[in-house]
Amino acid sequence: MVAKQIFYTGRVQGVGFRFSVKQLAKGFEVQGWAKNMADGRVELQLMGEQAEVEEFIEEIAESHLAGFIRETEQQDISLLANCVGFSIS
């Protein structure tokens, strides 16, 4: 089990980015959340088996969302506590 924190920079707010990420998450065995940041980025925290997490991140990068993403910053984090499913806030 691994956990990642990813910040997406670009035109990622006000375009349904978080909703689309949540829809994509339904096809993967991952848990976590996505939220808008005050600085205009979207923060994504997720966890799951390494292959599922990597495939999910790749799916985001190859989806229609790619056109909104200018930069991605990713790092490993501690496993998420009390996290069930995938949500947006």
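Here is how the numbers come out for the structure above:
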read-out: Checking R18 against (1) surrounded by fewer than 17 Cβ atoms within 10 Å (Cβ to Cβ); (2) within 12 Å of the chain's Cα centre (by Cα); (3) of a type in the set (D, E, K, R), the condition it does not meet; value: (1)
read-out: Positions within region 28-77 being surrounded by fewer than 14 Cβ atoms within 10 Å (Cβ to Cβ), closer than 17 Å to G16 by Cα and among the small types (G, A, S), in sequence order; value: A38, G40, A61, A66, G67
read-out: Single unsatisfied condition, Q23 versus (1) without any contact (Cβ under 8 Å) to a residue 60 or more places away in the chain; (2) surrounded by 17 or more Cβ atoms within 10 Å (Cβ to Cβ); value: (2)
read-out: Residues (touching a strand residue (DSSP E or B) at 6+ places or on another chain (Cβ under 9 Å) and either in contact (Cβ under 8 Å) with a residue 60 or more places away in the chain or over 16 Å from G32 (Cβ atoms) (or both)) located in region 50-64; value: A61
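Values quoted throughout were computed directly from the atomic coordinates according to the rules given, and no laboratory measurement underlies them. As the structure is a computational prediction, the values presented were derived from the model and not from experiment. Cβ coordinates were reconstructed from backbone atoms using ideal geometry, including for glycine residues, and neighbour counts include every protein chain displayed.
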